[in-house]
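The block underneath contains the structure these notes are about, expressed in structure tokens.
The values are calculated or read from the model by the stated rules, or taken from the named source; none is laboratory data. Only a predicted model underlies this, so the values are computations on that prediction, with no experimental measurement involved. Here Cβ is always computed from backbone atoms with ideal geometry, including for glycine, and neighbour counts include all displayed protein chains. Ligands, DNA and RNA are stripped out before the accessible areas are found, and what is left, the full protein with its side chains, is counted by its heavy atoms. Shrake-Rupley method; radii C 1.70, N 1.55, O 1.52, S 1.80 Å.
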Amino acid sequence: MQIESGVSLKPYNTFGLPAVAQTLVRVAGDADVRRVVDHPTLGRAPKFVLGGGSNIILTRDMPQVVLKVEVRGMRLVEERAVAWIVEAGAGENWHEFVAWTLAQGWPGLENLALIPGTVGAAPVQNIGAYGVELQDRFDSLDAVDLLTGRSVVLGAEICAFGYRDSVFKHSLHHRSVITRVRFRLPKPWRPVVGYLDLERKRAETGIDAPSAQQVFDWVCAIRRAKLPDPAVIGNAGSFFKNPIVSPEQCRDIIGRDPEVVYYPLPDGSIKLAAGWLIDACGWKGKTVGQAGVYEKQALVLVNRGDAIGSEVMTLARAIQESVYGRFGIRLEPEPVVV
Ligand code: EPU
């Protein structure tokens, strides 16, 4: 176990925001987490679990002990008649894991291609894109409890997945370290191409029954066309969740803005496209200091160079106020603000 002090977190968050961790420990497996828990001083100190840093906004230095999860390894656990069970270490890069499963002939994660971050961070916010959410392919995960040092296996029920949400954002927030995640990839594989952008690709190419690799390529192309690559322009993906409203609220907004983009949900409520609401308020391309609203997708805030966390949050609050002023809807940030 390696204990480092005064570590810059700038390279470890995809927004590229400056912050310093007083203490940082790299964790390569369950035993490393236990060593931290049993450590005479680190044991009792508050902890912050850092994955790929693709879903955090750092607004200050970190007095907590930052645990940087670097658990590696990818393997087929078991092939069943109805599914492949595949496992990856929490520190593996998510997109590389998706590409690896496809190359091995185990499809099912292709709609989730190119999502930045690590495998261990994926269940925390129940990542989702183009009609598939992590919870649809989840089997179980291994975690270590930060109070007791005990390793546990958690199933979907305990993880309590919701829209960009799970128990790891609530009662287990920084209480446990996810070390490995297992996925259940159903057989026979069937493409999920109902999402509008994918339907469009199908129509454009005339390919009616795409392979998993084809869907993977389409998703990569769609994402590259409208989302900034964090390696080039710092960002944390969608900055706000798509708000869920009642049918009455939605009717009221349609009455005033007939073009509003919305999706009826199975439970009768309605999900509004936050990107559309922000765009309608004229935010595309606007900046506060070095923080800006991405030109091609108003839901994504970007780092125009040397942004600091407070500039990002000032911009975020101004967006929230203007959307509230015009539509009466409170947007909720999707990344964890520290
Ligand atoms: N729109 C605009 N202007 C904008 C942005 C969007 O009019 O500036 C409209 C689009 O034309 C579209 C609608 O709003 O009709 C929705 O946009 P899009 O389909 O791009 O999806 P989204 O709601 O912006 C969500 C997820 C993404 C995920 C995509 C694809 C959330 C908060 N975001 O975005 O997830 O990749 O769907 O499934 O749920 C992420 O969580 O970081 C993320 C990128």
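Odds and ends about this structure:
- Residue in the stretch 234-253 that is part of a loop (DSSP other than H, G, I, E, B), among the aliphatic types (A, V, I, L, M) and either within 14 Å of the ligand (Cβ to nearest atom) or open to solvent by less than 70 Å² (accessible area, probe 1.4 Å) (or both) present: no
- Cβ-Cβ under 8 Å pairs, at least 6 apart or on other chains, the stretch 134-158 side without any contact (Cβ under 8 Å) to a residue 12 or more places away in the chain, far side outside any strand (DSSP E or B): Ile158/Val167
- Answer residue from the stretch 185-196, given it is within 16 Å of the ligand (Cβ to nearest atom) and either at pLDDT 95 or above or more than 20 Å from the chain's Cα centre (by Cα) (or both) and is least open to solvent (accessible area, probe 1.4 Å) among those: Val193
- In the stretch 116-145, residue most open to solvent (accessible area, probe 1.4 Å) [restricted to those that are away from the ligand (no atom under 16 Å from the Cβ) and not in a loop (DSSP other than H, G, I, E, B)]: Asp139
- Counted residues, the stretch 146-165 - those being outside any loop (DSSP other than H, G, I, E, B) and either β-branched (Val, Ile, Thr) or closer than 17 Å to Ala88 by Cα (or both): 7
- Residue satisfying all of: in the stretch 309-338; hydrophobic (A, V, I, L, M, F, W, C) and within 13 Å of the ligand (Cβ to nearest atom); nearest to Arg164 (Cα to Cα) among these: Val336
- Test: residue in the stretch 216-234 that is modelled with pLDDT of 95 or more and over 30 Å from Tyr12 (Cβ atoms): yes
- Taking residues in the stretch 297-308 that are more than 15 Å from the ligand (Cβ to nearest atom) and of a type in the set (Gly, Ala, Ser), and partners anywhere that are part of a loop (DSSP other than H, G, I, E, B) and open to solvent by less than 40 Å² (accessible area, probe 1.4 Å), the pairs with Cβ atoms closer than 8 Å and at least 6 places apart or on different chains are Ala307/Phe15; Ala307/Gly16; Ala307/Leu17.
- Taking the criterion of being closer than 21 Å to Ser322 by Cα, open to solvent by 40 Å² or more (accessible area, probe 1.4 Å) and in a loop (DSSP other than H, G, I, E, B), the residues of the stretch 259-277 that qualify are Glu259, Val261.
- Just one of (1) β-branched (Val, Ile, Thr); (2) touching a Gly at 6+ places or on another chain (Cβ under 9 Å); (3) modelled with pLDDT under 95 fails for Val293. It is (3).
- Which listed residue, of Lys226, Lys271, is farther than 30 Å from Pro18 by Cβ and either under 20 Å from the mean Cα position of the chain (by Cα) or more than 15 Å from the ligand (Cβ to nearest atom) (or both): Lys271
- Residues that are open to solvent by less than 50 Å² (accessible area, probe 1.4 Å), touching a Lys or Arg at 6+ places or on another chain (Cβ under 8 Å) and either assigned to a loop (DSSP other than H, G, I, E, B) or more than 24 Å from Asp61 (Cα to Cα) (or both), drawn from the stretch 279-319: Ala280, Cys281, Val293, Tyr294, Gln297, Ala298
- For the stretch 146-184, filtered to residues that are open to solvent by 40 Å² or more (accessible area, probe 1.4 Å) and among the hydrophobic types (A, V, I, L, M, F, W, C), the residue that is farthest from the chain's Cα centre (by Cα) is Leu147.
- Just one of (1) more than 21 Å from Phe15 (Cβ to Cβ); (2) basic (Lys, Arg); (3) surrounded by 14 or more Cβ atoms within 10 Å (Cβ to Cβ) fails for Arg256. It is (3).
- Residue pairs meeting the criteria (Cβ under 6 Å; at least 6 apart or on separate chains; first on the phi > 0 side of the Ramachandran plot and within 14 Å of the ligand (Cβ to nearest atom), in the stretch 50-71; second outside any strand (DSSP E or B) and open to solvent by less than 20 Å² (accessible area, probe 1.4 Å)): Gly53/Asn13
- Applying the criterion of being in contact with a helix residue (DSSP H, G or I) (Cβ under 7 Å, 6 or more places away or on another chain), assigned to a helix (DSSP H, G or I) and of a type in the set (Val, Ile, Thr) to the residues of the stretch 1-60, the residue that is farthest from Pro116 (Cα to Cα) is Val37.
- Some residue of the stretch 18-27 being in contact with a Lys or Arg (Cβ under 6 Å, 6 or more places away or on another chain), basic (Lys, Arg) and at pLDDT 95 or above: yes
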